[in-house]
Structures are given as C-alpha cells and as structure tokens.
Amino acid sequence: MSYFRWDGDDLILECHLQPAARSDDFAGLHGERLKIRLTAPPVEGKANAYLMAFLAKAFGVSKSQVSLISGELNRQKRVRINAPKKLPDLPELKRPAS
C-alpha cells in the first residue's frame, strides 16, 4: 500500500498530521502515510483549514479543490486534491502513465 493513489485526475493522499510544529513542511513517511508538519494548533478545526491551504499551495490548486475525505478529528487524514497542477518532490509521487 502507498500513501497516495490516483482516482482519475484526482489525487488521494493518506496523511499523518503533526499540528503545532515549528514549521510547515512535508516530513517524509510515517508508516504508510505522508507525514505533514503544520504550525497551526489542533483547535476548532484550525489545523484542518491550514492543511487544506498548505496542500492547495503545494499542489498548485485553489483551496476549493482540496477536500477532507476522512479524519476530521484525527491525526490520520485522507485528502482529495482535484486535478493537481504540480506535484511536489515527494517519495515515489508521480502521475499515472496514460
């Protein structure tokens, strides 16, 4: 199993979130999930909103093209990115062969 899969043009990411970190960045793999560090605190959905904005910027899409599929109240999250315009330099992440 991988931390990502393609669903047509959409990218599904399995993430492990570390809120209240010192910096915002991708931090490699955490088991079968992509570890993401965010400076936002884990209060009242702030980290989730910040995660959507962070991923939108990293993948070159608007915030409305990033949605939380599952894990709203959990560090383990599943996120959909609609038709990413760019792919950050992440382990094994590439577009499917046409």
Residues being closer than 12 Å to Arg80 by Cα and among the aromatic types (Phe, Trp, Tyr): count how many of those fall in region 46-67.
-> 1
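When you scan region 1-84 for strands (runs of 3 or more DSSP E) that lie fully inside it, which ones turn up with 3 or more residues that are within 19 Å of Pro96 (Cβ to Cβ) and either in contact (Cβ under 8 Å) with a residue 12 or more places away in the chain or touching a Ser or Thr at 6+ places or on another chain (Cβ under 7 Å) (or both)? Walk me through how you get there before you give the answer.
On the way: elements: 4-7, 10-18, 25-30, 33-37, 66-70, 76-81.
By residue number, 4-7, 10-18, 76-81.
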How many residues does region 38-48 hold that are touching a Phe, Trp or Tyr at 6+ places or on another chain (Cβ under 9 Å) and surrounded by 17 or more Cβ atoms within 10 Å (Cβ to Cβ)?
-> 2
A careful count of residues in region 45-98 that are hydroxyl-bearing (Ser, Thr, Tyr) and either closer than 19 Å to Pro19 by Cα or touching a strand residue (DSSP E or B) at 6+ places or on another chain (Cβ under 9 Å) (or both) gives 3
Residues of region 49-86 being closer than 21 Å to Glu32 by Cβ, surrounded by 13 or more Cβ atoms within 10 Å (Cβ to Cβ) and more than 10 Å from the chain's Cα centre (by Cα), in sequence order, are Gly71, Arg75, Gln76, Pro84
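From Ala40, Ala47, Ala83, Ala97, grab the single residue that is under 19 Å from Arg5 (Cβ atoms) and either modelled with pLDDT under 95 or touching a Pro at 6+ places or on another chain (Cβ under 7 Å) (or both). Show your work before the answer.
Numbers: Ala40 fails: under 19 Å from Arg5 (Cβ atoms); Ala47 fails: under 19 Å from Arg5 (Cβ atoms); Ala83 fails: either modelled with pLDDT under 95 or touching a Pro at 6+ places or on another chain (Cβ under 7 Å) (or both).
When all the criteria are applied, what remains is Ala97.
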For region 72-92 the number of residues that are farther than 19 Å from Ala27 by Cα and either touching a Cys at 6+ places or on another chain (Cβ under 9 Å) or small (Gly, Ala, Ser) (or both) is 1
Kindly indicate whether Leu93 is within 13 Å of the chain's Cα centre (by Cα), surrounded by 15 or more Cβ atoms within 10 Å (Cβ to Cβ) and not in a loop (DSSP other than H, G, I, E, B).
-> no
Given the conditions (1) at pLDDT below 95; (2) touching a Lys or Arg at 6+ places or on another chain (Cβ under 6 Å), and given that Ala56 satisfies all but one, which numbered condition is not satisfied?
-> (1)
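The values are calculated or read from the model by the stated rules, or taken from the named source; none is laboratory data. Predicted model only: the values in this text are computed from it and were never measured. No Cβ is skipped: glycine too gets one built from the backbone with ideal geometry, and neighbour counts run over all protein chains shown.
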